[in-house]
1. Dimensions of the chain along principal axes (Cα, Å, largest first)?
2. Could you tell me what percent of the accessible area of the stretch 316-355 is made up of carbon and sulfur, with a 1.4 Å probe and every protein chain present?
3. Going by average Cβ density within 10 Å per residue, which order do the peptides 202-211, 131-140 take, highest to lowest?
4. Whenever you get a sec, line up Val316, Val388 from highest to lowest accessible area (probe 1.4 Å, protein heavy atoms).
5. Add -39500 (n - 2.57) for each DSSP H run of 4 or more in the chain, then divide by its residues: what number comes out at 222 nm, to the nearest 500 deg cm²/dmol?
6. Which listed residue (Ile62, Gly183, Phe286) has the Cα farthest towards the positive end of the charge dipole for the chain, taking +1 on Lys and Arg C-beta and -1 on Asp and Glu C-beta about the Cα centre?
7. Take each of the peptides 361-368, 171-178, average the number of other beta-carbon atoms within 10 Å over its residues, and list them starting from the highest.
8. Send over a whole-number figure in Å² for the accessible area per residue of the chain, probe 1.4 Å.
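The values are calculated or read from the model by the stated rules, or taken from the named source; none is laboratory data. Note that the coordinates shown come from a computational prediction; the quantities given were computed from them, not determined experimentally. Note: ideal-geometry Cβ built from the backbone for every residue, glycine included; neighbour counts use all protein chains shown. These area figures cover heavy atoms from the full protein model, side chains too; ligands, DNA and RNA do not enter into them. Shrake-Rupley method; radii C 1.70, N 1.55, O 1.52, S 1.80 Å.
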Amino acid sequence: MTQNINRTALFNASCLALITTAFTFAIRAGILPQLGEDFGLTAEQLGFINSMWFLGFPISMILGGLFYHQLGPKIIMNIAFVTHTIGILMTLFAGGYTTLLISTLFIGFGNGCTEAACNPMIADMYTGVKMNKMLNRFHMWFPGGIVLGSLISKFMTDAGMGWQPQIWVMMIPTIAYAVLFFGKAFPKPSVEESTHISSNVKAMISPLYIFLFICMSITAITEFGTQQWANVVLDSSGASGMLILALTTGVMAVARFFAGPVVGKLGQTGVLLSGAVLAAIGTYMFSVVTGPVAYVAAVVFALGVAYFWPVMVGAVAQRVPLSGALGMSIIGGVGMFSTAIWQPIIGSWIDSARASNVAEGLSGAALELATGQETLLKLTMFPSILIVLFIVLFIWQKGSKPALSSAGH
């Protein structure tokens, strides 16, 4: 690659942008009780405010993928900075429910722009095992940033600080990534045909891309669905839900940092298959253990899901390169949409389990524990399906060389 670009600076700026995304996820979650109290919001209204985060994210990811080659990653990241800033400032000076809805939508839009710009940019700067390693190290900063943001929010809340100073903290990585991106040259696509939407769409209707699309929808709900419900359930089992979240995301961050040798040894399909097995074991452990053993389950589960998202994105970049930035954005978008679609279904499982356990005479903590563990046992369905799918993918792709081999190193 002959482009005179500072890959280190671009990569570090991308990581800071993803830390911004993680902070908006973790800190906003930490201040929800304060927002509800200050603005007199119901739990349902707070839920709608949170949903704007998930709505803005896939919308901008898909739009960013469609227009990536027309606008380029530089302009998309400029949009991310503007929408992040608007969303943060609107939250700071919010007058009520409507303003908080709109501000969270802006923040979600900025988060999606970050993924839409940085994933294909990193894929264009590196290739092969190095690309997988760098994508994993980039995505390391989402769970890593959640750990950091959660600790910052907890410390500031415990210190008696209001929600406004915590919102200001979000501006630190936002300004930092904007400064680091400023004035830098950005890479051009490593596969020229990937710049054409017609080529993207043709590649995306290939059997391999459709298969990866299906797999991504299940890997996402395996990760996010199990985490969300396990945190709630395990508070009734003698384990701390917040510590489970911190431990899970912390292990994921460390695992992604060391992804290079893992992917190099096992390959993409080997990593995905191994992850599905560990995720199934971890989810099953969540459904049967209580007390401190739940933390062991969290480590096993975290090692299972740690590589799902970045390796799936990397698989699209390497194995279906003509899908381009659009293909990578659609894969990320389906992960978010899948999570949203399955949540009410999982909720109905909980309602059904609770009703049957009440009929059996359970109440209080025993009722919540039995209900939650029954639901978590059903959630093992997702990684179990993935084991079958990734065995198929392993056999299908065994001996095949990645389609992309001409990018920078």
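1. Rounded to whole Å, the extents work out to 68, 53, 33 Å.
2. 73 percent
3. So the peptides 202-211, 131-140, ranked by packing, come out 131-140, 202-211.
4. The ranking, largest first, comes out as Val388, Val316.
5. -29000 deg cm²/dmol
6. Gly183
7. 171-178, 361-368
8. Value for the chain: 40 Å² per residue.
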